[in-house]
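Only one structure is covered here, and it is reproduced in the block below.
The values are calculated or read from the model by the stated rules, or taken from the named source; none is laboratory data. All of these numbers come straight from a predicted model, not from anything done at the bench. Positions of Cβ are backbone-derived with ideal geometry, glycine not excepted, and every protein chain shown enters the neighbour counts. Ligands, DNA and RNA are stripped out before the accessible areas are found, and what is left, the full protein with its side chains, is counted by its heavy atoms. Shrake-Rupley method; radii C 1.70, N 1.55, O 1.52, S 1.80 Å.
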There are 2 protein chains.
Amino acid sequence: QGTRDHPPAQAALRERLLSAVVSCFKRHGAAAIDTPVLELRDTLMGKYGEDTKLIYELQDQGGELLALRYDLTVPFARYLAMNKVTNMKRYHVAKVYRRDNPAMTRGRYREFYQCDFDIAGQFDPMIPDAECLKIVHEILSDLQLGDFLIKVNDRRILNGVFAVCGVPENKFIPACSTVDKLDKVPWDEVRSEMVGEKGLSPEAADRIGEYVQLHGGLELIERLLQDPKLSQNKLAKEGLGDMKLLFEYLTLFGITGKISFDLSLARGLDYYTGVIFEAVLLQQENEHVEEPVSVGSVAGGGRYDGLVGMFDPKGRKVPCVGVSIGIERIFSILEQRLEASGEKLRTTETQVLVATPQKHLLAARLKLISELWDAGIKAEMLYKKDPKLLKQLHYCEDTGIPLAAIVGEQELADGVVKLRDVATREEVRM
Amino acid sequence: QGTRDHPPAQAALRERLLSAVVSCFKRHGAAAIDTPVLELRDTLMGKYGEDTKLIYELQDQGGELLALRYDLTVPFARYLAMNKVTNMKRYHVAKVYRRDNPAMTRGRYREFYQCDFDIAGQFDPMIPDAECLKIVHEILSDLQLGDFLIKVNDRRILNGVFAVCGVPENKFIPACSTVDKLDKVPWDEVRSEMVGEKGLSPEAADRIGEYVQLHGGLELIERLLQDPKLSQNKLAKEGLGDMKLLFEYLTLFGITGKISFDLSLARGLDYYTGVIFEAVLLQQENEHVEEPVSVGSVAGGGRYDGLVGMFDPKGRKVPCVGVSIGIERIFSILEQRLEASGEKLRTTETQVLVATPQKHLLAARLKLISELWDAGIKAEMLYKKDPKLLKQLHYCEDTGIPLAAIVGEQELADGVVKLRDVATREEVRM
């Protein structure tokens, strides 16, 4: 349940998609690493908040207690700490596992691919962070998924907002997870969850509401930097200062048109410590809708400066920022689009079919195909002793093989091969 | 235990190796499929003989009982049966899991890659089987692993031998697994295991010994086809007839020089029904050794015509033949060779580092690198506001980046970029 086989057409589409993502990661100078699907159970515990219950555990068959990895970020942090690596730009494309309620049509599975790019190391502020956003922008543009928006916020700004609105510090995390729902439900529902379930005062909730419904660009950052309350909060000031720097860098990258500083963005995971971001695809604009509506997150990430330290015996920190591309959702979209277009994706790369028009010519086919393979040419033949020529040509049409190399009795006698263009039926002897 | 992280240098070497294997599979017209790492426990049970105890099981957390796949062959057979596919040429490169005793120096891990190529379908005899051997030959030649030998046998011939030597049918499988040890221990040890543990009569063992120590080529096949006892056995005769056909096809492929018909080859798995084969690397010949000695199996496979039927509710069979490349052992060899050569493999593909020779030029770097990325050029910069030029050039040398694009105050004023060849120090303004 919640897993699936990929038949050739899907595997080919996935290969195309992953290779577009990986080539972007390589364009930004990332190296690949690989870590096991199995991690020690202890490594994963206490990293995912409420979602820890979704971790797949292996049966105790003697030896270490194991679990399947839940994401690629925690294994990356474990890898850095274990190998005392303090500086690394890496990508990792691999499967992760979650005992979640599957929703296959929306691309939610129990086994799914993640494509992560992360930069670890002590650097000057916001330069690697800006690169992560540039990467999201490049990938979503390359894949031509339609209009998109990248929402950006900072955990320090959010915490500053909670502080100046009178939320006690032990309620920052619950308040955060409630704010995160603002992209799905209207403010008054979020407000009543804050007051009801999370036990915030109505006044605090109202004050929070004034902030978290704001979104904009540089001018909003400037305004909040002047905000009489927020500007008094150290964390918020730091966060806003860095957000301003980020927007400067994004302006130099020429991508601010798709970026929105959005105070309602909170992100679920506990380990974020600074900038957070999330990319959403926008529905096609139409006359009846004033603002384009988000149809779902396709990338997300942020800064997590404390995670590596959790795995180091001396608690040594390695600052990290990274992005994860939501490949399954994008895959679903591309799959539906391909289906709608009626286009048939080739599942093989075969260049030529070796064919014979008469009987008793298997030996000639085997000799020729062997020569082609040895010359690096992608070639197939039917596994029959005496297949009909029509059947061989139909096979080309069915599978998209563009050429047939035909050896008949005449060709054998003349020491030539007849090369046929399957689509145009043109033939040359060579 | 028994798993490992792949740091960038290993990941790069592995990518190179896998891409050589996959490009051979594609050259032979195979399509990719992917199946989940998780399989139903029942799917895996009863397929691996004694090794079933090595399967990793997941904890029962509610829902289906799951296990990690043990190989790629059983999931492939399950896939064919589930989707009623009767005809397919596919490859699959993925990790499999075995709770085995790890022996890391020899490339034996609990999590490891398999690279499988299989042909499913009802075809004329030995044509797909011959292609599998051609593939092994191509891959081992391409990778330049040194001299190798592909041993070939047929389960039907082995069973025929047991029958004519007076082994009762219920002892075929135990006898088979004892014969399989002949590549590691001498005949008299194998003989005493047969008589002692497996309970065969000394006479039967001696008769078996006369057959299973034979190896050769076409002439041996011809001789056995004339063998007064063996030629009377239906199974053996069928197997020998097909073996002769296989050698004809391999002659047309021009690869019989590396093929040995070897009656001691048995292979462990229960599911083989016809041709079986195994490729071994040979030690460098030297004067003191008469015959080159095998240093380990690097590929293996065979025909399994009954496996798909085990997953079909009506038991419908789909004949299959396939090969698995022992990528971990090959990887160990390449790794050791790379280490010995002192060659440093690049872990990134970066073409150019964007650098500045004075302070306060971060904006210029960000603008230029963004242009390069947008033009599809693989570019990096240091994540520092004002890095020293020397440090930037050292970074190029350390990571193998061939070019530096330098923008200083002069270049900015002139509207040019200085492109520097890191190795030769030659510079051009452009």
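Taking Cα atoms of segment B:352-429, Rg/Rh with Kirkwood Rh, to two decimals? Intermediate values should be presented prior to the final figure.
On the way: Rg = 11.3 Å, Rh = 12.3 Å.
Ratio of gyration radius to Kirkwood radius for segment B:352-429: 0.92.
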- Could you sort the residues of segment B:47-77 by number and keep only those whose accessible area is reduced by 20 Å² or more in the all-protein-chain setting relative to the chain alone, 1.4 Å probe? B:56, B:57, B:58, B:59, B:61, B:64, B:68
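Using the Cα centre of chain A as the reference point, and only Cβ charges (+1 on K/R, -1 on D/E), how large is the resulting charge dipole? Debye, rounded to the nearest 20. Walk me through the numbers before you get to the answer.
Numbers: 56 positive and 64 negative charges, 241 e Å.
The dipole magnitude comes to about 1160 debye.
Out of all DSSP beta bridges with both ends in segment B:352-429, state the antiparallel percent to the nearest 5.
Working: 7 of 13 bridges.
Here the antiparallel bridges make up roughly 55 percent for segment B:352-429.
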- Task: With only alpha-carbon atoms counted, please give the Rg and Dmax of segment A:301-418, in Å.
- Result: 26.1, 80
- Note on the structure: Given pairs A:89/B:344; B:244/B:317; B:47/B:317; B:151/B:234 and cut-off 21 Å on Cα-Cα distance, the over-length ones are B:244/B:317; B:151/B:234
- Helix A:155-164 versus the longest principal axis of chain A: what is the Cα-based angle in degrees, 0 to 90, to the nearest 10? 20 degrees
- Treating only the Cβ atoms of Lys and Arg (+1) and Asp and Glu (-1) as charged, compute the dipole magnitude of segment A:352-429 about its Cα centre; round to the nearest 20 debye. 260 debye
- Query: If you take the charge dipole of the protein assembly as shown about its Cα centre, with +1 on Lys and Arg Cβ and -1 on Asp and Glu Cβ, which of A:410, B:323, A:160 is farthest toward its positive end?
  - Reply: A:160
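Express the carbon and sulfur contribution to the solvent-accessible surface of the protein assembly as shown as a percent, rounded to the nearest whole number, probe 1.4 angstrom. Walk me through the intermediate numbers first.
Values: 18930 of 37680 Å².
Whole-percent figure for carbon plus sulfur exposure: 50.
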- In nm to one decimal, list the spacings between the residue B:423 label point and its equivalents in the other copies, with label points set 7 Å along Cα to Cβ, shortest first. 4.1
- Item | Shielded by partner chains, segment B:5-28 residues - at least 10 Å² of accessible area, 1.4 Å probe, vs chain alone | B:5, B:6, B:7, B:8, B:11, B:15, B:26, B:27, B:28
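For the interface of chains B and A, what total accessible area is buried with a 1.4 Å probe, rounded to the nearest 100 Å²? Each step should come with its number before you reach the end.
On the way: alone 22160 and 22190 Å², together 37680 Å².
The B and A chains share an interface burying roughly 6700 Å².
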- Signed unit charges on C-beta, dipole axis of segment B:352-429, positive-most listed residue B:419, B:368, B:358: B:358
- Task: Choose one answer from B:326, B:315, B:415: the residue with the largest mean-square fluctuation in a GNM of chain B with alpha-carbon springs under 10 Å.
- Result: B:415
- Item | Tilt relative to chain B, helix B:389-399 - C-alpha long axis, 0 to 90 degrees, to 10 | 10 degrees
- Going by a 1.4 Å probe on protein heavy atoms, which residues of segment B:381-427 end up with at least 40 Å² less accessible surface in the whole assembly than in their chain alone? B:383, B:384, B:385
- Within 10 Å of the Cβ of an average residue in B:341-352, the count of other chain Cβ atoms is 3
- Could you rank A:129, A:374, B:42 by how accessible they are, 1.4 Å probe, largest area first? B:42, A:374, A:129
- Task: Send over a whole-number figure in Å² for the accessible area per residue of the protein assembly as shown, probe 1.4 Å.
- Result: 44 Å²
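Report, as an integer, the average count of C-beta atoms from other chains found within 10 Å of each Cβ along B:228-234.
On the way: counts 0, 0, 0, 0, 0, 0, 0.
What the average comes to for B:228-234 is 0.
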- Report the normalised scattering of chain B as log10 I(q)/I(0) at q = 0.09 Å⁻¹, calculated by the Debye formula with identical scatterers on the alpha carbons. -0.69
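Enter the mean number of other protein chain beta carbons within 10 Å of the beta carbon of each residue in A:123-131, as an integer.
4
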- Task: Any chance you could list P(r) for segment A:179-329, counting all Cα-Cα pairs in 10 angstrom bins from zero, rounded to whole %?
- Result: 9, 31, 38, 19, 3, 0
- Find how many whole Å separate the alpha carbon centroid of segment B:161-181 from the alpha carbon centroid of segment B:325-355. 45 Å
- Task: Measure nothing but the geometry: give the 0 to 90° angle between the long axis through the Cα atoms of A:8-27 and the longest principal axis through the Cα atoms of chain A, rounded to 10°.
- Result: 60 degrees
- Task: Tell me the distances, shortest first, between residue A:46 and the same position across the other copies, using label points 7 Å along Cα→Cβ, in nm to one decimal.
- Result: 4.6
- Mind listing the label-point distances from residue B:183 to the same position on all other copies, shortest first, one decimal in nm, points 7 Å along Cα→Cβ? 5.4
- Furthest towards positive pole of dipole, B:63, B:97, B:192, structure part segment B:8-341, Cβ charges: B:63
- Using a 10 Å cut-off on Cβ atoms, rank the peptides B:250-259, B:224-233 from the highest mean neighbour count down. B:250-259, B:224-233
- Note on the structure: In Å, the C-alpha Rg and Dmax of the protein assembly as shown are 31.4, 104
- What Kirkwood radius, in Å to one decimal, follows from the Cα pairs of segment A:1-76? 15.2 Å
